[in-house]
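Written out below as structure tokens is the structure these notes cover.
The values are calculated or read from the model by the stated rules, or taken from the named source; none is laboratory data. Computed from a predicted structure; not experimentally measured. No Cβ is skipped: glycine too gets one built from the backbone with ideal geometry, and neighbour counts run over all protein chains shown. Areas reflect the complete protein model, heavy atoms only, side chains present, ligands, DNA and RNA absent. Shrake-Rupley method; radii C 1.70, N 1.55, O 1.52, S 1.80 Å.
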Amino acid sequence: MITLLCVCLHTTYAQGKINFPRIECYKNITQFSYSPPTGLTLSSASWDFGDGSSSGNNSPQYVFKKPGKYLITINAGFSNGSSTTDTAYITVVPLPVANFEILKSSDTCLNNNSVMVVDSSRVAQNGQTITNRLTVWGDGKFDNQSYPVRGQIYAHSYSLPDKYLIKIEVTDIHGCKSSKSRFVTILEQTEAYFGITNPF
């Protein structure tokens with residue numbers, strides 16, 4: 001009696017890698033690409049961004065319509081005719097909210113002017129610490145503040161009368177940014193004058 005032993009071999013491929021930032025800022029353009037398993041070349045790709053949108057590009061760009069956590073799926077085809085499906089999650093975080101007010105007590109007359117602003121910026125969600133505040137005063141000068149405190153009051157003086165655009169930009173722990181701008185007008189200095197007329 002002869003017994004035949006048949007060993008059937010099935011070729012399997014290791015998973016590839018989806019390349020993209022695992023945390024992305026809302027409204028940013030996200031770049032996706034795919035690294036196929038060793039020895040294989042990507043020939044086609046079908047992407048699902050987890051929010052109902054898709055792409056057939058091998059390396060697509062996409063802007064998510066709202067913050068959230070999305071499952072990214074790629075159906076990848078290779079030059080040898082094989083294919084695989086890979087998945088990974090991306091978290092799209094909301095932007096911090098930049099804001100400030102120019103205090104009414106500010107002196108906007110050129111002589112000894114002092115424009116005071118209060119930072120009223122806030123995070124969009126818990127854990128979204130603001131790590132930097134850039135203030136551009138509109139006259140070529142700027143201030144940088146690391147880990148600014150909400151409600152902080154600070155001031156700036158201008159050397160010439162003009163209308164200036166003050167802009168602050170805040171950056172959070174994920175690198176997400178937002179900005180807010182307001183105008184301030186520095187007035188010409190008035191000069192006091194009087195004269196005495198002697199009657200004759």
Output the residue which, of all residues in the stretch 113-123 that are touching a residue at least 40 places away in the same chain (Cβ under 8 Å) and assigned to a loop (DSSP other than H, G, I, E, B), is nearest to T91 (Cα to Cα). V123
Return the pairs, sorted by first residue and then second, in which the second residue is assigned to a loop (DSSP other than H, G, I, E, B) and of a type outside the set (V, I, T), the first residue lies in the stretch 132-147 and is farther than 18 Å from S178 by Cβ, the beta carbons are less than 6 Å apart, and the residues are 6+ apart or on different chains. D139/Y158
Contact list please: Cβ distance under 6 Å, first residue in the stretch 15-41 and free of Cβ contacts under 8 Å to residues at least 40 places away in the same chain, second residue open to solvent by less than 30 Å² (accessible area, probe 1.4 Å) and not hydrophobic (A, V, I, L, M, F, W, C), pairs at least six apart or on different chains. S35/G16
Flag for G127 being assigned to a loop (DSSP other than H, G, I, E, B), within 17 Å of G175 (Cα to Cα) and under 27 Å from the mean Cα position of the chain (by Cα): yes
Do any strands (runs of 3 or more DSSP E) entirely within the stretch 130-185 hold 1 or more residues that are among the basic types (K, R) and open to solvent by 60 Å² or more (accessible area, probe 1.4 Å), and if so, which? 162-172
Hey, can you tell me all the residues within the stretch 26-61 that are closer than 23 Å to Q125 by Cβ, open to solvent by 30 Å² or more (accessible area, probe 1.4 Å) and in a strand (DSSP E or B)? none
Among the residues of the stretch 62-86, what is the count of those that are under 24 Å from K27 (Cβ atoms) and either part of a loop (DSSP other than H, G, I, E, B) or touching a residue at least 40 places away in the same chain (Cβ under 8 Å) (or both)? 7
What is the residue count in the stretch 110-154 for residues that are within 30 Å of I23 (Cβ to Cβ) and either touching a Cys at 6+ places or on another chain (Cβ under 9 Å) or of a type in the set (A, V, I, L, M) (or both)? 7
The one condition in (1) surrounded by 14 or more Cβ atoms within 10 Å (Cβ to Cβ); (2) part of a strand (DSSP E or B); (3) not basic (K, R) that P21 fails to fulfil: (2)
Check on L71, loosely packed, with under 15 Cβ neighbours inside 10 Å, of a type in the set (A, V, I, L, M) and at pLDDT below 95: no
Of (1) surrounded by fewer than 15 Cβ atoms within 10 Å (Cβ to Cβ); (2) touching a Gly at 6+ places or on another chain (Cβ under 8 Å), N80 satisfies every one except (2)
